[in-house]
Amino acid sequence: MSVDARVAELTQKMWKRKFYAVLSQPSPTPEKLKPLLPAHLEYMISLEKRGVLFASGPLSDGKGPPSGAGLTVLRVTGFDEARALAEADPFVINGLRTYELKEWTIMEGTLGLRVNLSDQSIEVA
C-alpha cells in the first residue's frame, strides 16, 4: 500500500472540523489589562453563550503567572467572522493586545462528559 493510500485510509473517518485559533499577545504594558479584564471576560462569556466559543483562556510558560497572552478557539464559518470577533475583544479595541489568527482543523482527540445525577453536576474529562 502506498503512503498516500495509507494516509487516506487513516484519515477517512477523522472529524476534520475547522476551527479558528486566536493567539493573542499583550502590549508592552500587560499591567494595563487588569482594568479591562471584566469587560474582556463578559465578552468571552457572551461568545460562549452564542455558541461560537469552543475554548479560551490565558497562556503561561509554566515559570510564573500568566503573562497576559491568551488562546481562544472559535467555532465560526470562516476567517472573516473569526477576525471580526477577535477585533471586538475589549483588549484589542483598546490596543492592549495584538493577535494572530490561524485556521485549525481538528482531526484527532477525545472529549468526555460525566453527568452525576445525584447532584446534577457535569464534569468534562
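Please treat every number below as a calculation from the coordinates, not as lab data. These figures come from a predicted structure and were not determined experimentally. With ideal geometry, Cβ positions are generated from the backbone for all residues, glycine too; neighbour counts draw on all protein chains shown.
Loop-located trypsin sites (Lys or Arg not before Pro) across the stretch 1-107 with a Cβ neighbour count of 15 or fewer within 10 Å are 13, 16, 63, with loop assigned by DSSP.
Residue order for 91, 79, 54, fewest other beta carbons within 10 angstrom first, comes to 79, 54, 91.
Net charge near residue 42: determine it from the other residues with C-beta under 12 Å of the C-beta of residue 42, scoring Lys and Arg +1 and Asp and Glu -1. Here the charged neighbours net out to -1.
Taking a straight Cα-Cα cut-off under 23 Å and skipping sequence neighbours fewer than 8 places away in the same chain, the lysines within cross-link reach of residue 102 are 16, 18, 49.
Between residue 55 and residue 23, how many nm apart are label points set 7 Å from Cα along the C-beta direction? For residue 55 paired with residue 23, the spin-label model returns 1.6 nm. Taking label positions 7 Å along the Cα-Cβ direction at both residue 119 and residue 93, the computed distance is 3.8 nm, reported to one decimal. Across the stretch 25-37, rounded Karplus estimates of 3J(HN,Hα) from the backbone phi angles (6.51 cos²θ - 1.76 cosθ + 1.60, θ = phi - 60°) give 10, x, 5, x, 10, x, 5, 6, 5, 3, x, 9, 4 Hz, Gly and Pro being marked x.
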